[in-house]
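Accompanying notes for the structure given below.
The values are calculated or read from the model by the stated rules, or taken from the named source; none is laboratory data. Just so you know, these numbers come straight off a predicted model, no measurement behind them. As a convention, Cβ positions derive from the backbone with ideal geometry for all residues, glycine included, and neighbour counts pool all protein chains shown.
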Amino acid sequence: MYSSNNKAPEDAVLKNAPPGPSWKRCLDLVVCLAVMPLLALCTLAMALVMKLVSPGPVFFRQERVGYMGRRFKIFKFRTMKVGADTVGHQAYFKELVGTNAPMQKLDAKGDKRLIPGAWLLRASGLDELPQLINVLRGEMSIVGPRPCLPAEYDLYLPWQRERFTTMPGLTGLWQVSGKNRTTFDEMIRLDIRYAREKSLGLDVWIMSVTVPVLIAQVYETRIRRLSHEQLQQTRPPMPIAQIRIPESAANR
């Protein structure tokens with residue numbers, strides 16, 4: 001466990017993890033420089049959108065656990081209302097770990113914490129684009145396991161923490177291998193497989209299939225949202241006998 005920020009846990013697996021290969025850092029810098037103009041355009045667009053639909057900061061910062069168990073702050077475009085409650089997310093993640101159900105986001109069911117149109121940003125991964133800043137700072141890589149929340153890290157078993165022996169990333173083997181259709185256990189095994197087998201060729205392949213996967217993910221999320229909305233609309237009304245009328249109103 002952690003006793004202070006930026007201090008790695010005493011897990012033997014993490015202590016013996018080798019540093020990342022030099023080719024990976026070079027690839028990260030090349031990709032960052034190529035994508036930075038897109039980040040600038042998205043930041044400008046998000047600033048305009050925020051003024052219209054949800055006043056507040058454009059960026060959202062959150063503590064995560066990354067390489068060797070170290071904590072750092074990630075950057076994201078804010079997609080939730082200011083002051084949104086996160087207790088529901090933590091309970092949902094704990095349920096996913098315990099039941100090993102498919103790791104679908106709450107977005108598919110219409111998360112009320114989201115600002116208008118935020119589901120599209122989240123499904124397309126554009127909300128993660130500011131993490132290029134984390135990549136430039138050496139806290140993340142383009143390809144790698146997703147950095148988890150400290151509360152989520154506490155639920156990991158010792159063998160599952162091997163996924164932290166490589167730099168966290170924006171995309172990864174799990175993300176292009178089913179993601180929302182996979183279970184927590186399957187995600188862990190895919191992340192560990194990447195940590196053990198990462199190579200230049202594997203990173204290039206993952207990056208090359210990420211965009212098609214994200215496009216398919218947007219489509220699937222839209223279908224799930226439509227299905228949920230239709231289910232809500234077709235739900236039968238409550239029988240009159242079950243409607244409780246306050247006594248004060250009934251006596252008027």
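Checking each residue in region 190-204 for being in contact (Cβ under 8 Å) with a residue 40 or more places away in the chain and either outside any helix (DSSP H, G or I) or crowded, with 21+ Cβ neighbours inside 10 Å (or both) picks out D191, Y194, K198, D203.
Against the test of being in contact with a Phe, Trp or Tyr (Cβ under 6 Å, 6 or more places away or on another chain) and of a type outside the set (F, W, Y), the options M140, M187 yield a single qualifying residue, M187. Exactly one residue out of E128, E139 is part of a helix (DSSP H, G or I), of a type in the set (D, E), buried (at least 17 other Cβ atoms within 10 Å of the Cβ) and touching a residue at least 24 places away in the same chain (Cβ under 8 Å): that is E128. If only residues of region 34-79 that are outside any loop (DSSP other than H, G, I, E, B) and among the hydroxyl-bearing types (S, T, Y) are counted, the one that is nearest to A195 (Cα to Cα) is Y67.
Screening K179 against (1) surrounded by 15 or more Cβ atoms within 10 Å (Cβ to Cβ); (2) on the phi < 0 side of the Ramachandran plot; (3) among the charged types (D, E, K, R) leaves a single unmet condition, (2). On the basis of being crowded, with 21+ Cβ neighbours inside 10 Å, modelled with pLDDT of 90 or more and either not basic (K, R) or not in a loop (DSSP other than H, G, I, E, B) (or both), does M187 make the cut? The answer is yes for M187.
Checking each residue in region 12-51 for being more than 21 Å from the chain's Cα centre (by Cα), at pLDDT below 85 and surrounded by 14 or more Cβ atoms within 10 Å (Cβ to Cβ) picks out V13, L14, A17, G20, V49. Among residues of region 37-56 that are hydroxyl-bearing (S, T, Y), those with a Cβ under 7 angstrom from a residue that is not in a helix (DSSP H, G or I), sequence gap 6+ or separate chain, pair up as T43/V58; S54/K81; S54/I115. In contact (Cβ under 8 Å) with a residue 12 or more places away in the chain, of a type in the set (D, E, K, R), part of a helix (DSSP H, G or I) and crowded, with 17+ Cβ neighbours inside 10 Å: is that true of E152 in this structure? Considered against the rule, which asks whether it is in contact (Cβ under 8 Å) with a residue 12 or more places away in the chain, of a type in the set (D, E, K, R), part of a helix (DSSP H, G or I) and crowded, with 17+ Cβ neighbours inside 10 Å, E152 comes out as yes. The set of residues in region 164-184 that are more than 14 Å from the chain's Cα centre (by Cα), hydrophobic (A, V, I, L, M, F, W, C) and not in a loop (DSSP other than H, G, I, E, B) contains only F164.
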